[in-house]
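Working notes for the structure below.
Throughout, read-outs are computed from the coordinates displayed, never taken from laboratory work. Because the structure is predicted, anything quoted here is derived from the model rather than measured. Note that we place each Cβ from the backbone using ideal geometry, even for glycine, and neighbour counts take in every protein chain shown.
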Amino acid sequence: SQTIHQWPATLVQPVGSPLSLECTVEGTSNPNLYWYRQAAGRGLQLLFYSVGIGQISSEVPQNLSASRPQDRQFILSSKKLLLSDSGFYLCAWSVTGGSNQPQHFGDGTRLSIL
Amino acid sequence: RKEVEQDPGPFNVPEGATVAFNCTYSNSASQSFFWYRQDCRKEPKLLMSVYSSGNEDGRFTAQLNRASQYISLLIRDSKLSDSATYLCVVGGVTGGFKTIFGAGTRLFVKA
């Protein structure tokens, strides 16, 4: 069966510090991968999605970036965090084939910026 | 107009009640529809896919009306454990990979 791992679960970072969140998927090949952010009490905002190694699409302009160095690895990064980057970051995967397939989420990373 | 709109909620219902969640979507080319459940401070989890013919899974029934661009979720005989936020999700626009999540409707089921 497929599993998705996301870490760390909780992170507290100062403003201006760098960020690296990692997500890996097991039990499937060539998945679509997604990064979302959820602000407190709000809906999910799609940040990036990837349909293959090195292929990243950005949905919103921001100081975040994403990379997919391996088929089942998706990384979310920032060089300098802003206060507004606080939130619940979720990685998700779906089988190949556009958005007709449901997405499955990792446990999420709760990021607080001080 | 938002791409996916849900009842703002919250809904407060007693155990055993029947609850209906409504959702509308703006893109008539959408092909796939889902309901997710999200517990407080947890990740969303797939509850059920929604098919054109409607589908049922135990106490949960989902309906799709393409003409009205409307999706519904019905929970019968609600349990305390049904308390969560229910997210309407729309995707599958031809050639696209974006899936749009509604803001969610919070449900509180009380004894």
*If you place +1 on the Cβ of every Lys and Arg and -1 on the Cβ of every Asp and Glu, how big does the dipole about the Cα centre of chain A come out, in debye to the nearest 20?*
240 debye
*If you add up the charges near B:ASN27, with Lys and Arg at +1 and Asp and Glu at -1, over every other residue whose beta carbon is less than 15 angstrom from its beta carbon, what do you get?*
+2
*Over the alpha carbons of chain A, what is the largest minus smallest coordinate on each principal axis, giving the biggest first in Å?*
38, 26, 21
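Let me know the mean shielding of B:37-50 by other chains, meaning the per-residue number of their Cβ atoms within 10 Å of its Cβ.
On the way: counts 0, 5, 0, 0, 4, 4, 14, 9, 2, 4, 1, 1, 3, 0.
Neighbouring Cβ atoms belonging to other protein chains average 3 per residue here.
Can you tell me how much longer the chain between B:ALA20 and B:ALA111 gets when fully stretched, taken as 0.36 nm per residue apart minus their C-alpha distance, in nm with one decimal?
Numbers: separation 91, 0.36 × 91 = 32.76 nm, distance 1.87 nm.
Taking 0.36 nm per residue and subtracting the Cα distance, the gain is 30.9 nm.
Would you please give the FRET efficiency between B:LEU74 and B:TYR51, computed as 1/(1 + (r/R0)^6) with r the Cβ-Cβ distance and R0 = 22 Å, to the nearest 0.05? Don't skip to the answer; put the middle values down first.
On the way: r = 15 Å, r/R0 = 0.67.
Step by step, r from the Cβ atoms, then E = 0.90.
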*Grab the beta carbon distance between B:ARG41 and B:ARG66, set R0 = 35 Å, and tell me the FRET efficiency rounded to 0.05.*
0.50
*asked:* Treating only the Cα positions of chain B as identical point scatterers, give the base-10 log of I(q)/I(0) from the Debye formula at each q in 0.10, 0.11 Å⁻¹.
replied: -0.27, -0.32
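Run the count for chain B, please: Lys pairs, Cα-Cα under 18 angstrom, 8 or more apart or on different chains.
On the way: B:LYS2/B:LYS98; B:LYS45/B:LYS79; B:LYS45/B:LYS98; B:LYS79/B:LYS110.
Lysine pairs satisfying the spacing and distance rule in chain B number 4.
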*Relative contact order (percent, whole number), chain B, Cα cutoff 8 Å, 6+ residue spacing*: 37 percent
